[in-house]
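This report refers to the structure that appears directly beneath it.
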There are 2 protein chains.
Amino acid sequence: MSVAIAAENRHVVIENVRPSLEGGRYPLKRIVGERLEVEADLFRDGHELIRAVVAWRAPGDAAWSEAPLECVEVGLDRWRGSFPLTVNARYRWTIEAWTDRFASWLADLTKRVAAGQPVAGEVAEGVRLIEAVARAATGRDQELARWSAVRLREAAADPAAALAIAAGPELADLMARRAEREGPTRYAPEQEVVVDRPRARCGAWYELFIRSQGRTPGTPAGFRDAEARLPDLAALGFDVLYLPPIHPIGTTKRKGKDNRLTAAPGDPGSCWGIGSPAGGHDAVEPALGTLADFDHFVAAARAHEMEIALDLAIQCSPDHPWIAQHPDWFYQRADGTIKFAENPPKKYEDIYPLNFDTPDWRALWAEWRRIVLFWVGHGVRIFRVDNPHTKPLTFWEWLIKDVQAAHPDVLFLAEAFTRPQPMKALAKAGFSQSYTYFTWRNAKAELGEYLTELTRSGMEEYFRPNFFANTPDILHAFLQQGGRPAFKIRLLLAATLSPAYGIYSGFELCENEAVPGTEEYLHSEKYEIKVRDWNRPGNIKEFVARVNRIRRENPALSLLTNLRFWPAENDQLLFYGKVTPDRTNALLVLVNLDPFRVQEGMVTVPLEELGLKPGGRYEVCDLLTGARYAWGDRNYVRLDPATEPGHVLRVERRLT
Amino acid sequence: MSVAIAAENRHVVIENVRPSLEGGRYPLKRIVGERLEVEADLFRDGHELIRAVVAWRAPGDAAWSEAPLECVEVGLDRWRGSFPLTVNARYRWTIEAWTDRFASWLADLTKRVAAGQPVAGEVAEGVRLIEAVARAATGRDQELARWSAVRLREAAADPAAALAIAAGPELADLMARRAEREGPTRYAPEQEVVVDRPRARCGAWYELFIRSQGRTPGTPAGFRDAEARLPDLAALGFDVLYLPPIHPIGTTKRKGKDNRLTAAPGDPGSCWGIGSPAGGHDAVEPALGTLADFDHFVAAARAHEMEIALDLAIQCSPDHPWIAQHPDWFYQRADGTIKFAENPPKKYEDIYPLNFDTPDWRALWAEWRRIVLFWVGHGVRIFRVDNPHTKPLTFWEWLIKDVQAAHPDVLFLAEAFTRPQPMKALAKAGFSQSYTYFTWRNAKAELGEYLTELTRSGMEEYFRPNFFANTPDILHAFLQQGGRPAFKIRLLLAATLSPAYGIYSGFELCENEAVPGTEEYLHSEKYEIKVRDWNRPGNIKEFVARVNRIRRENPALSLLTNLRFWPAENDQLLFYGKVTPDRTNALLVLVNLDPFRVQEGMVTVPLEELGLKPGGRYEVCDLLTGARYAWGDRNYVRLDPATEPGHVLRVERRLT
């Protein structure tokens, strides 16, 4: 019944290490160039002083680096520090703390001298501490230690002189750097932080079907045709072009227009029904061109400073090569046939789900790694993952970690429209970005509450929102009913609330025809080829381009956690701000959430958050219109959705 | 650079397990007879349903026990459950969750039948699941499984009939109990909960120096003399008698009266200067009697239903046997002499601290275990530990766990008057109870804030307060200046705010003479023998006895987390309540915090917290005076400190 005596006799306690997810079970997320700010409670028994560092290591580092922690709240034993995140990699970090024998000795000596006590014994102890450093140090450090020890010994009988020597800043610095750490406690487990490239947090996305980029109705376009669209998309200011699956589409059980059970001749089928005799997930649908055409398209997009995001949809058409090669990777009926996807009573006859409980699951995992790396080899650095919440979290955790170990610049966007916990869990498991509930948050209170959760609840440590304003599956009633103003409102909200946002093509044309009573598009592009007049009257392309230019020119919009909501005395007016940490870029955004009516009211600007003095006046410039206003702490605004539904006001200069 | 594929392909995720301290690094604390309520976020990928249990094991259990968790917030995937804590032991517990294949199948079948789809294939799958249970089960379970499988197969062509069989409650119960768990996830690390006897949370303590229990001034009393005091202390209603160190007191550097550097002949010395030729920490000071006398005293106290708490003071007088036996356990100067205790500029020449950094620290730890177990062998089950925050936390964590492994009824009270984090850390490390800042919390806002932290901040999971109203070292200005009413006020607060509280002898006599400008007692009993007239006029013994009787008769006062503060419209009136979970015992406590003046005002009772209907009236009985009042939701109170400074109102019956 007896308990073994501890292996080590440690004094320093490290607790409440922050930020940390489930005790370090999952990594934090940051962007290259930022610093990671860390905190912990550090203390030990007795009166001895302690010293602490945060230690970190990127994968290629030869050794751990360290930076000091400082005690920021003495009574609460709260310590804080930070370290720079300079490379795109998965860092490890932890905290180490130990007894600072020299500082403890110096504090003791100081009190004794102040009390007029003799200190010869204490001086001898200090000399021993300094001599130990002299033995271990070299060069200039060794000289300083030897010289200090000699001088201190000589001053043993003169407490004031001894204290003056002992308290010298050069000696303190030397001892802090070179004295052996006494009883160091190193926090376990080691923590991790995934340091991504900036695109992981910020980017304007545009979703398009390659086959709909042609000019002849009914005729599918290929990658070569689609290249003609690139200048226009670049001019609109998009950073990422997201392509739904580009792989061969099956013919067995292919869906017809409007999701009909049988396809008519010429119907292209849903591109999510992946796999045909032409190949599977590592092949290109012949109607779109060749792999070389794809490579050319990727290069052409890059020349326009846009990158390609591919869809990763883990499912197969009945014609996928794996059906024959790996029948055990699918759900089989008693009669040996393979089950198609169902969510009773709904049926997806053109899709076979994969069975992650197959005894051969290790080979299945490895094959998905191969496929991702195949496209990485073709220049793809972003994957938008279809329905990740229906595959095991452990699979994603492994896949993303493995791919990023060799290719840390590869990003994964989770398209998981599910309950909050599984959505969060996917982000913790490693997804770089996540689709959100944004499309269903339209009222002022909803937006405020949701964005506060995303930016200030702790979620911001691992969950990066990507605010798609529409998708091929989601055309919200607000857009169906609100006309052109509704599209401008939602674009402005998406693009200024979240550093990453996106639209699915047709949004800029204010396409709003839905299957009645649903959020589905009428005549969905998922099942047919669309040919659009991209300059159709009533489009909002100029507005999109302007908003994207504002995003590029204002670094405050590339940040997430700097979002603050401020008072607007009208339930249809949403007022918020984003300011860079150095306050050189400060934006005040006002949006009329009502697409039908003029809304007006008073808004209150918390001047101190902008670095302005109480009662001060300043000039703002509306980046949407170029208009300039002299503003104070309380201001009147009036927004007509028929003209401009919002202001994006940049603080230009102080007037008083 | 590649990452190994996971060892197991698990689906279910377990997160946010609560309550848990630093991820399970420290145990929770509970009392025998309670249930531990636990919660977690549980979910898996896809649409399959899951099932979960909380599993627990006490040290003597042959196997793990389990109780089901229920989903309490479906959208948030929050699950909850509980298990009984029936024995005084350190339990282990965790959560296990797995895919419920049968329930998932039944949910799928139900949807298909509702949609009018054929279900023959699904029925065949269900039959397979039931047959697997039939193979593994025995007796009645096997019969039911076999019979159900046969009937289900026969109904394959009749979806409604098949569903009726599949959805039967007996079959559901059987499958829940007997179906093999598919892909179980077991939360790691295992969590712990220390389940203590009730005295760990609740008890009235009385601190007394044995040597001052005599009747002849200047003559030390021994254990035999002190037995004469037991009936009086039992009549006052105390549960625990705490004795400052009873060990041999050193003579070298012995302190004289009023902490003088030299003792006069006959001065008894501080009992914290432990060790003489008569022995060390495992011996009894000869002036107090023999070990047999101590045993007799312990038994006599037990006969009065009081138990003894011993002082555990890890320090030695210069005459302690260890000085010769283990000089390396102490701090040695360069000249080989041993350092006495100092906190510069203060000096404690009669005390040598122990050096826990001695290379021989394992032997030092083991010796302290031996000493604790020695006194356990003499009937001691409570140790009040002197200054534990000046010894390593790892030592306490080991010592307490080791002692309680064999003697789970042994309790440790931490006397650590230090910063909040080290105080909390000692409680997490295993101390059953802790001294607090209570003596320095006298104003209404301070008391409210501090008690809210102690009862509702998360501290209540591991930190059990013991509210000493005074100690030999702390005579607060409030008591020095407030006279008899101040003593009654502080006793009433201590005894009703905290389930464990205590006084140091003399409190009941309202002794309030301090060294001017300090919280030290004048002519401190630490350095001299006191002989008191225990029935001196002006004493508050009757009040103490009444309050202790109220505590014993009202189970609401034995609980900590049921404390709630309620509105009183006067900054000198503190109003709070305690109600048992079953609401059969409901107390409303009002205290006038001003010892000098009558205070009056309106107080508001939240009737719903008492189980009373809005606007209802009820009768309360003041347990201090016997007076009865008809009360409603708003009531007038007037408290004169010269008569009674408080009400302890028990809700007796509803009037309307």
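A few notes on this one:
- Rotation relating B and A, chain A residue nearest the axis via C-beta, angstrom: A:Gly23, 2
- Residue order, fewest to most beta carbons within 10 Å, for B:Thr262, A:Thr251, B:Thr94: B:Thr262, A:Thr251, B:Thr94
- Set of aspartates and glutamates near B:Lys444 by C-alpha distance (under 16 Å), chain-local residues within fewer than 8 positions excluded: B:Glu453, B:Glu569, B:Asp571, B:Asp594, B:Glu600
- For the range A:102-178, the spherically averaged projection of the C-alpha convex hull amounts to 4.2 nm².
- Of A:Lys424/A:Lys541; B:Lys346/B:Lys488; A:Lys257/A:Lys346; A:Lys255/A:Lys346, pairs whose Cα-Cα distance is over 25 Å: A:Lys424/A:Lys541; B:Lys346/B:Lys488
- Residues B:Arg57, A:Arg490, B:Arg201 in ascending order of nearby Cβ atoms (within 10 Å, fewest first): B:Arg57, B:Arg201, A:Arg490.
- If you wrap the protein assembly as shown in the convex hull of its Cα atoms and look at it from every side, the mean projected area works out to 60.1 nm².
- Copy-to-copy label distances for A:Gly121, where each label lies 7 Å from Cα along Cα-to-Cβ, are 8.8 nm in order of increasing length.
- All other residues whose Cβ lies under 11 angstrom from that of A:Glu73 are scored, Lys and Arg at +1 and Asp and Glu at -1, for a net of -1.
- Two-decimal ratio, chain B, of alpha-carbon radius of gyration to 2.2 N^0.38 Å: 1.19
- Entry note: the range B:564-654 has Rg to Rh equal to 0.95, where both radii use alpha-carbon atoms and Rh is the Kirkwood radius.
- Reachable aspartates and glutamates from A:Lys339, criterion Cα separation under 20 angstrom, eight or more residues apart if same chain: A:Asp319, A:Asp328, A:Glu349, A:Asp350, A:Asp357, A:Asp360, A:Asp386, B:Asp45, B:Glu48, B:Asp108, B:Glu122, B:Glu125
- Descending by average beta-carbon neighbour count within 10 Å, the peptides B:216-222, A:576-582 line up as A:576-582, B:216-222, the highest first.
- Gap separating the Cα centres of the range B:91-149 and the range B:215-282, nearest whole Å: 72 Å
- Inter-copy separations for A:Asp582, label at 7 Å along Cα-Cβ, nm, ascending: 6.8
- Helix B:541-553 and the longest principal axis of the C-alpha atoms of chain B enclose an angle of approximately 10°.
- Summing charges over all other residues whose Cβ lies under 14 Å from the Cβ of B:Glu600, with Lys and Arg as +1 and Asp and Glu as -1, gives -2.
- Taking other C-beta atoms within 10 angstrom as a stand-in for reagent exposure, B:Thr471, A:Thr252 fall in the order A:Thr252, B:Thr471, fewest first.
- Relative intensity, log₁₀ I(q)/I(0), of the range A:89-246 from a Debye sum that treats every alpha carbon as a point, q = 0.14, 0.18, 0.19 Å⁻¹: -0.81, -1.03, -1.09
- For chain B, the longest principal axis of the alpha carbon atoms and the long axis of helix B:444-456 meet at an angle near 50°.
- Each other copy places its own label point for A:Glu600 at 5.7 nm from this one, sorted shortest first, where the point lies 7 Å along the Cα-to-beta carbon line.
- Cross-link pairs beyond the 30 Å C-alpha cut-off, checked among A:Lys391/A:Lys526; A:Lys391/A:Lys530; A:Lys347/A:Lys401; B:Lys428/B:Lys578: A:Lys391/A:Lys530; A:Lys347/A:Lys401
- Principal-axis analysis of the Cα atoms of chain B puts helix B:393-406 at an angle of about 70° to the longest axis.
- Dividing the summed helix terms, -39500 (n - 2.57) for each DSSP H run of n ≥ 4, by the number of residues in chain A produces a 222 nm estimate of -8500 deg cm²/dmol to the nearest 500.
- Applying the Karplus relation 6.51 cos²θ - 1.76 cosθ + 1.60 with θ = phi - 60° to the range A:258-271 yields 3J(HN,Hα) values of 6, 6, 5, 5, 10, 8, 7, x, x, 5, x, x, 6, 6 Hz, where x marks Gly and Pro.
- The range B:12-97 - Debye-derived log10 I(q)/I(0), Cα point model, q = 0.21, 0.25 Å⁻¹: -1.02, -1.32
- Rounded, prolate or oblate (a/c below 1.5 giving rounded, otherwise prolate when a/b exceeds b/c) for the range A:262-420 by Cα gyration tensor: oblate
- Partner shielding of B:40-48 amounts to 6, given as the average count of beta-carbon atoms from other chains within 10 Å of each residue beta-carbon.
- Prolate/oblate/rounded label for the range B:312-374 (Cα gyration tensor, a/c 1.5): prolate
Values in this text are rule-based calculations from the coordinates and carry no lab data. Here the structure is a predicted model, which is why all the values come from computation and not from measurement. Every residue, glycine among them, receives a Cβ derived from its backbone with ideal geometry; neighbour counts consider all protein chains shown.
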